[in-house]
């Protein structure tokens, strides 16, 4: 077994039960590998998520927000992503995201200075 860092492209070529939905740019995988089998991994990455969706007040209530997000989803698929995250502390926006097919993920966010 070897623990080493590797580019996302190399990592994706290995056998792993859980693919990473992240951009290959600016991402680094630290993996424990035995031949072609991944035994464990952690990543240093910029999380791919919808951020800063905004619609001018005069254009709210229509479909512009949906159109923006759908285009972001289309482009995400085009570059090989299999999922997106969207963060919001606002229940009203959460309900909007749910109507668009997003599901609430019960997670906690943790931080540490290194």
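The values are calculated or read from the model by the stated rules, or taken from the named source; none is laboratory data. Every value quoted in this text rests on a predicted model; they were computed, and no experiment measured them. Cβ sites come from the backbone with ideal geometry, for glycine too, and all protein chains shown count toward neighbours.
Are any residues in the range 28-69 in a helix (DSSP H, G or I) and within 15 Å of the chain's Cα centre (by Cα), and if so, which ones? Working first, answer last.
Going through the range 28-69, the residues in a helix (DSSP H, G or I) turn out to be 57-59, 64-69.
Result: 69, single match.
Condition check ((1) at pLDDT 85 or above; (2) surrounded by 13 or more Cβ atoms within 10 Å (Cβ to Cβ); (3) under 24 Å from residue 102 (Cβ atoms)) across all residues:
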position: 31; (1), (2), (3): no, yes, no
position: 38; (1), (2), (3): no, yes, no
position: 45; (1), (2), (3): no, yes, yes
position: 56; (1), (2), (3): yes, no, yes
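Quickly run through the range 58-89 and pick out the residues that are loosely packed, with under 10 Cβ neighbours inside 10 Å and within 25 Å of residue 106 (Cβ to Cβ).
The one that is loosely packed, with under 10 Cβ neighbours inside 10 Å and within 25 Å of residue 106 (Cβ to Cβ): 89.
Out of the range 96-110, which residues are surrounded by 10 or more Cβ atoms within 10 Å (Cβ to Cβ) and either in contact with a strand residue (DSSP E or B) (Cβ under 7 Å, 6 or more places away or on another chain) or assigned to a helix (DSSP H, G or I) (or both)? Don't jump to the end; show me each part of the working.
So the first thing to find is which residues in the range 96-110 are surrounded by 10 or more Cβ atoms within 10 Å (Cβ to Cβ), and the list is 96-98, 100, 102.
Those that are surrounded by 10 or more Cβ atoms within 10 Å (Cβ to Cβ) and either in contact with a strand residue (DSSP E or B) (Cβ under 7 Å, 6 or more places away or on another chain) or assigned to a helix (DSSP H, G or I) (or both): 96, 97, 98, 102.
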